[in-house]
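Colleague: Supplied in structure tokens, the structure appears directly below.
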């Protein structure tokens, strides 16, 4: 989501100049690659760009090809095979094959409008893009993208009835599996590939605390471009540290942030009663990650108190509570603890357990 926001920001800053642009997007990856499907870069004809499709080795060539696409006003697919010694990008050592779709942004293009929808509201979004055609056909064009409206269950701007009907079921599969995927179809005798991209909402971090150790937490969240809510006595904190925090809730007020399945919660009031009360309330939320700062014996005390009052957390609830929280990396300072916490949060959201990659058996990224 951060990359999409950066692309939109650059476009907004330059669109008044009348300068033409194109979007280069990774739409297929075989074997290893620094970036995965969905990675984008926006390129203007002057060479100004934002975003990225690799670790830096492919951007120069993609920039030049994007400028050609802008000149011709024609989309194209470029395949980079970084496993070949004479191929661009071999220095990265990824040993993978990457397809990049380069699409000029024409006057009637809705590509950037679709991306704006993705950042404008907190929800899952789906964009289907034609990434391969073996011949020309009416109503289907290479590089054409369609936005799926989940409220109406309709693929917007897709005028080809057969293709729209074929895509509908696959879009539902992508939404169910929470994973983008390329599908191949025979549409009226034309072999067509479509990349169905799931764009989830940005992560939301709800921090329940008001001591100085929230500063590195907020700094890290800003770097990651996470949506942040802070709950506590903000009078104790430096105003300049809170300027960019989107949602601030006073401890004494009733208003609280909306917690959803993309929310991580950190309880760090450093007051036992406050953290315990917040935990009992927030366990009812949809948050998959609830961190309680402090040693294990502190959390064990909470469990004992609950049991004494005739209450117990269910197995499902206990699985969502991380106490002690963070990965075991030897963290001691507030900054190191923040890094430990964010690493654990990312692991939980991606379904990973952490650990050293050199000890991992198999590829770093999942493959179809």
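Colleague: Just to verify a result, which residue in the range 346-363, among those that are surrounded by fewer than 10 Cβ atoms within 10 Å (Cβ to Cβ) and at positive phi, is farthest from the chain's Cα centre (by Cα)?
Modeller: Of everything passing the filter in the range 346-363, 362 is farthest from the chain's Cα centre (by Cα).
Colleague: In the list 269, 291, 323, 255, which residue meets the criterion of being without any contact (Cβ under 8 Å) to a residue 12 or more places away in the chain, touching a strand residue (DSSP E or B) at 6+ places or on another chain (Cβ under 7 Å) and at negative phi?
Modeller: 255
Colleague: Would you point out which residue out of 167, 175 is outside the structural domain of residue 42 (by TED's automatic domain parsing), assigned to a helix (DSSP H, G or I) and within 16 Å of residue 199 (Cα to Cα)?
Modeller: None of the others qualify; the one that does is 175.
Colleague: Quick check, is residue 320 farther than 21 Å from residue 218 by Cα and surrounded by 11 or more Cβ atoms within 10 Å (Cβ to Cβ)?
Modeller: So residue 320 passes the test.
Colleague: Under 21 Å from residue 131 (Cα atoms), surrounded by 14 or more Cβ atoms within 10 Å (Cβ to Cβ) and modelled with pLDDT under 90: is that true of residue 190 in this structure?
Modeller: Yes; evaluated as a whole, the condition is true for this residue.
Colleague: I'm told residue 327 meets every condition in (1) in contact with a helix residue (DSSP H, G or I) (Cβ under 7 Å, 6 or more places away or on another chain); (2) within 30 Å of residue 254 (Cβ to Cβ) except one. Can you identify the failing condition by its number?
Modeller: (2)
Colleague: Hand me the list of helices (runs of 4 or more DSSP H) wholly inside the range 280-367 holding 1 or more residues that are modelled with pLDDT of 95 or more and closer than 25 Å to residue 202 by Cβ.
Modeller: Working: elements: 296-308, 315-319, 334-350.
Output list reads 315-319, 334-350.
Colleague: Could I ask something else about it? Would you check which residues across the range 128-146 are part of a strand (DSSP E or B) and closer than 21 Å to residue 73 by Cβ and list them?
Modeller: Within the range 128-146, 129, 130, 131, 132, 133, 137, 140, 145, 146 qualify.
Colleague: For the range 223-246, how many residues are closer than 15 Å to residue 203 by Cβ, modelled with pLDDT under 95 and either surrounded by 14 or more Cβ atoms within 10 Å (Cβ to Cβ) or touching a helix residue (DSSP H, G or I) at 6+ places or on another chain (Cβ under 8 Å) (or both)?
Modeller: Qualifying residue count for the region: 5.
Colleague: Free of Cβ contacts under 8 Å to residues at least 40 places away in the same chain, surrounded by 12 or more Cβ atoms within 10 Å (Cβ to Cβ) and either under 20 Å from residue 285 (Cα atoms) or not assigned by TED's automatic domain parsing to the domain that holds residue 28 (or both): is that true of residue 314 in this structure?
Modeller: no
Colleague: Still on this structure: Quick check: anything in the range 186-208 in a strand (DSSP E or B), without any contact (Cβ under 8 Å) to a residue 24 or more places away in the chain and assigned by TED's automatic domain parsing to the domain that holds residue 126?
Modeller: yes
Colleague: Counting just the residues of the range 220-246 that are within 20 Å of the chain's Cα centre (by Cα) and assigned to a helix (DSSP H, G or I), which one comes out farthest from residue 265 (Cα to Cα)?
Modeller: Taking the candidates together, the pick is 223.
The values are calculated or read from the model by the stated rules, or taken from the named source; none is laboratory data. Given the structure is predicted, the values throughout are model-derived calculations rather than measurements. Here Cβ is always computed from backbone atoms with ideal geometry, including for glycine, and neighbour counts include all displayed protein chains.
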